[in-house]
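Q: Handing you this structure, nothing more for now.
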Amino acid sequence: MKIYQLYRQQQLNVTSARAWEFLSSPYHLNAVTPDFFNVEITSPVPESIYAGLMISYRMKAVFGIPMAWLSEVSHCQVPQRFIYQQRVGPFKFLSHEVRLTDTESGVVLEDILFYAMPLGWFGQLTHALLIGDKLKRIFDVRRDYLQAKWGNL
């Protein structure tokens with residue numbers, strides 16, 4: 001099984017508490033992702049996330065085909081980091097850590113994504129032709145949105 005990694009880092013002019021409030025809420029997913037992602041939350045979500053929280057979604061990330069996704073918040077350290085992992089969805093494995101580190105001028109946001117494609121060589125081919133670029137685009141849109149919202153110094 002081939003494991004892929006996507007890493008992003010961004011300096012933002014915002015407090016960690018405010019960044020946490022925004023980034024930890026699944027209700028902001030559509031604001032920080034491209035239109036093709038189209039996320040619909042299908043389970044109740046509390047005001048604050050916690051380790052063990054399960055969140056179900058329906059999304060149309062590939063060719064507009066609706067797919068179910070269930071993720072679990074596996075780690076949660078307010079307001080430094082949280083990790084969610086796909087439990088049901090299109091990947092064989094997916095883990096996304098969001099880390100916030102205070103600096104003198106705001107916070108450094110780090111996204112650390114590990115994932116594996118299903119279907120062996122066909123999944124690797126699909127990754128090379130489509131999925132890898134779509135994931136990069138998702139994080140590019142997120143970076144640009146957060147840059148416009150909080151910018152850097």
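Derivation of every value follows stated rules applied to the coordinates shown; laboratory data play no part. A quick note: this is a predicted structure, and the numbers were derived from the prediction, not measured. Because the Cβ atoms are built from the backbone with ideal geometry, glycine has one as well, and the counts that use them run over all protein chains shown.
Q: Would you mind finding the longest exposed-site-free stretch of the chain, with exposed chymotrypsin sites (Phe, Trp or Tyr not before Pro) meaning DSSP loop and at most 12 other Cβ atoms within 10 Å?
A: Values: sites that count: Tyr50, Phe63.
For chymotrypsin sites (Phe, Trp or Tyr not before Pro) (loop position, at most 12 other Cβ atoms within 10 Å), the longest site-free span of the chain is 64-153.
Q: Now for a different question. At 222 nm, what value in deg cm²/dmol follows for the chain if DSSP H runs of at least 4 each add -39500 (n - 2.57) and the sum is divided by all its residues, to the nearest 500?
A: Dividing the helical sum by the residues of the chain leaves -7000 deg cm²/dmol.
Q: Which distance in nm do the two modelled labels at Arg137 and Glu40 give, with both placed 7 Å along the Cα-to-Cβ direction?
A: 2.1 nm
Q: Next question, about the same structure. Taking log10 I(q)/I(0) by the Debye sum over Cα atoms at q = 0.13, 0.19 Å⁻¹ straight from the coordinates, which label in (1) -0.60, -1.30; (2) -0.93, -1.18; (3) -0.51, -1.19 is the correct one?
A: Identified label for the calculated read-out: (1).
Q: Within the range 75-106, find all residues whose amide N lies under 17 Å from a label point positioned 7 Å from the Cα of Lys2 along Cα-to-beta-carbon.
A: It comes to 91-94, nothing else.
Q: As an exercise, identify the GluC sites (Glu not before Pro) in the range 3-80 lying in DSSP coil whose Cβ has no more than 14 other Cβ atoms within 10 Å.
A: For GluC sites (Glu not before Pro) across the range 3-80 that sit outside H, G, I, E and B with at most 14 neighbouring Cβ atoms in 10 Å, the list reads Glu47.
Q: Taking the chain as the reference, fit the longest principal axis to its C-alpha atoms, fit the long axis of helix 132-150 to the helix C-alpha atoms, and give the angle between the two in degrees, 0 to 90, nearest 10.
A: Taking Cα atoms only, the helix is inclined about 20 degrees.
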